[in-house]
Amino acid sequence: MFLCSIFRGEVVFRDKRAAWLFIAPALAFLLLFKIGPICVSFVESFMMTSYSGAKSFVGFENYIYLFKHDPVFWNSFKTTLIYSVVLNPLIVFIALVLALLLNGSQKFVKFFRTLFFLPTAISFVVVAVIWGVVMDPYYGLANSFLKMIGVGAQPFMNSTSQALLCIIFISIWRSSGYWMMYFLAGLQNIPESLYEAATIDGANNFQKTMKITIPLLSRTMSFVLVANTAFNFLTFAPVYILTQGGPNGSTNLLMYESYKSAFVNLDMGRATAISSILLLMIFVFTIFELRITKANFEY
């Protein structure tokens, strides 16, 4: 048994071994399903598999081929960067705006919170299928509406200039409500006394938002930005279901290219090399985002 005492409403463990016992199952699952596969993938990226299934060590040859002789990889790399750089700030901004608008006890606030959160409860696969039907260039509801208001039918997923924007829109629609809930939790933890003091000093709502709310949400912002970035870099379902990387490679994200290399072309060395590069990209973006959202205060 371990000793614990209740001090100021908190349980304080005197034996650190007890704490390790509590987190041991989570650590075991993390090692088994996260850290382990990452290490296996990294080792595999230095291998080449023959058609007979035999593996041979080739060092950095897979990486050299990707960077020097693989235009498909570079197209996927560029597409993934554009996708992430556009999508991540948009989702965070929209989620923050929704949280600011729905942070209160006004009438119908709970209804609209539920309404915006509902898309998160739907599988990304189902979301992709639904929007695929809506954006069908011939029989979709979207084009029916556009024709009705005189805009004209759009090709959507069949257009090299619109397909990636459609994937971005679908991701925003599905994810914004989820991250909104984190911002709502952060907003409700900000002391009301700060706003009262600002009101006494004559600050308006915009000044309160910029000088109090946004700075004090920096830790929430940091978590949302990093977690959302990792999630978006690994986008796969809408590309696989709606475009298969097309048209003309305009939606061929690195995650889908890695899948295609592994399970279509049976080139596990190239696939795992792409996965390792994708992991490095997530790491670089994460470090950058943690630095720009670092909070230098407590409250």
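Counting only residues that are over 24 Å from the mean Cα position of the chain (by Cα) and of a type outside the set (S, T, N, Q), how many does segment 53-85 have? Let's see the steps before the verdict.
Step one: filter segment 53-85 for residues over 24 Å from the mean Cα position of the chain (by Cα), giving 53-71.
If we keep only those that are of a type outside the set (S, T, N, Q) as well, we get 53-55, 57-61, 63-71.
The total comes to 17.
Among (1) touching a residue at least 40 places away in the same chain (Cβ under 8 Å); (2) under 22 Å from Phe46 (Cα atoms), where does Gly249 come up short?
Exception for Gly249: condition (2).
Tally the residues that are within 19 Å of Ser171 (Cα to Cα) and crowded, with 16+ Cβ neighbours inside 10 Å, restricting the search to segment 102-128.
First, the residues of segment 102-128 that are within 19 Å of Ser171 (Cα to Cα): 113-128.
So of that shortlist, the ones also crowded, with 16+ Cβ neighbours inside 10 Å come out as 113, 116-117, 119-120, 124, 127-128.
Final tally of qualifying residues: 8.
A quick yes/no check of all residues on (1) closer than 30 Å to Ala185 by Cβ; (2) touching a residue at least 40 places away in the same chain (Cβ under 8 Å); (3) touching a helix residue (DSSP H, G or I) at 6+ places or on another chain (Cβ under 9 Å); (4) not in a helix (DSSP H, G or I):
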{"site": "Leu118", "(1), (2), (3), (4)": "yes, yes, yes, no"}
{"site": "Val129", "(1), (2), (3), (4)": "no, yes, yes, no"}
{"site": "Val133", "(1), (2), (3), (4)": "no, no, yes, no"}
{"site": "Phe145", "(1), (2), (3), (4)": "no, no, no, no"}
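Name the single residue, out of those in segment 153-209 being among the aliphatic types (A, V, I, L, M) and in a loop (DSSP other than H, G, I, E, B), that is nearest to Val86 (Cα to Cα). Spell out how you get there, then give the answer.
First pass over segment 153-209, keeping only residues among the aliphatic types (A, V, I, L, M): 153, 157, 163-165, 167-168, 170, 172, 180-181, 184-185, 187, 190, 194, 197-198, 200, 203.
Now restrict to residues that are in a loop (DSSP other than H, G, I, E, B): 153, 190, 203.
Values: Ala153: 25, Ile190: 29, Ala203: 33 Å.
Looking at the filtered set, the residue picked out is Ala153.
Out of (1) surrounded by fewer than 17 Cβ atoms within 10 Å (Cβ to Cβ); (2) modelled with pLDDT under 95; (3) within 24 Å of the chain's Cα centre (by Cα); (4) not polar (S, T, N, Q), the odd one out for Leu187 is which?
Just one mismatch for Leu187, condition (1).
Only one of Leu290, Leu242 is over 30 Å from Ala54 (Cβ atoms), in a helix (DSSP H, G or I) and over 17 Å from the mean Cα position of the chain (by Cα); which?
Numbers: Leu290 fails: over 17 Å from the mean Cα position of the chain (by Cα).
After ruling out the rest, the residue left standing is Leu242.
So, of the residues in segment 252-299 that are among the charged types (D, E, K, R) and without any contact (Cβ under 8 Å) to a residue 24 or more places away in the chain, which turns out to be farthest from Thr229 (Cα to Cα)? Walk me through it before giving the result.
The initial filter retains those residues of segment 252-299 that are among the charged types (D, E, K, R), namely 257, 260, 267, 270, 289, 291, 294, 298.
If we keep only those that are without any contact (Cβ under 8 Å) to a residue 24 or more places away in the chain too, we end up with 260, 291, 298.
Numbers: Lys260: 22, Arg291: 14, Glu298: 25 Å.
Out of the qualifying residues, it is Glu298.
The values are calculated or read from the model by the stated rules, or taken from the named source; none is laboratory data. Treat the numbers as computed from the prediction; the structure is a model and nothing was measured. Please note: Cβ atoms are built from the backbone with ideal geometry, for glycine as well, and neighbour counts cover all protein chains shown.
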